[in-house]
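What follows is one structure encoded as structure tokens, with my remarks underneath.
What follows draws every value from the coordinates through simple rules; no lab data is involved. Bear in mind that the values here come from a model prediction, so they are computed numbers and not experimental data. Positions of Cβ are generated from backbone atoms using ideal geometry, with glycine treated the same way; all protein chains shown enter the neighbour counts.
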Amino acid sequence: MTKILCEPRDVFIRGRFEGFKQWPQGATGSPFGRSVKSLFPVSPKLNLDDEPLDFFIQGSMSIVSRKLKEIVDRYQAKVEFFPILVSFRDRSLADFFFMNYLECLDCLDKEKTVRDVGGPFPDDIKRIALDESRIGNCPLFMIAKTIFKGASDRLAEDIQNAHCTGVEFKSPEEWRNAVLLGK
């Protein structure tokens, strides 16, 4: 089975990048599914207003600690890591990385996934369903045409057992889009 990787609902880390504006050609967010090695700036700095966790999102970028990176590395997941200098309360913390997902799987079960068709954004997913046969043994991936990430049960368990902060894993059945919960 696969888990959905998400931030806890009460987690929001505020920060600003230095030395990094946006992806080339006006693209916003992270270009999931392809390498950004030639595009990523050298030594970008992230100034945080809140204490960093082992996993947090900045814009659409997944930022991870060395602890979480080492766990993902053991699974040989198709991701690339780029060092980021994180600054918090006048302290520089060098053990953080931008994690770019190179694996993007078309595994959304379109029949069972529930969308917010009556809302302002009809493509918003309220409840997600995955076609496990399209995932195989992939340990960590983006779900194609969404902003959501999936992780194998084993990887999720190892991350949880290491007490990594800022990350939760939910089965597709228990996952709900926090933005749409009020509807």
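Some notes on this structure:
- Shape analysis of region 74-125 places it in the oblate category; the axes a ≥ b ≥ c from the Cα gyration tensor give an a/c of at least 1.5, with a/b not above b/c.
- All alpha carbon pair distances within the chain were sorted into 10 Å bins beginning at 0; the resulting P(r) in whole percents reads 9, 36, 37, 17, 1, 0.
- Set of lysines near LYS112 by C-alpha distance (under 29 Å), chain-local residues within fewer than 8 positions excluded: LYS3, LYS78, LYS126, LYS145, LYS149, LYS170, LYS183
- Set of aspartates and glutamates with alpha-carbon distance to LYS69 below 20 Å, sequence-local pairs under 8 removed: GLU7, GLU51, ASP54, GLU80, ASP95, GLU103, ASP153, GLU157, ASP158, GLU168
- Ranked ARG34, ARG89, criterion: other C-beta atoms within 10 Å, fewest first: ARG89, ARG34
- Helix-only arithmetic for the chain: the sum of -39500 (n - 2.57) across DSSP H runs with n ≥ 4, divided by the residue total, places the mean residue ellipticity at 222 nm at -3000 deg cm²/dmol.
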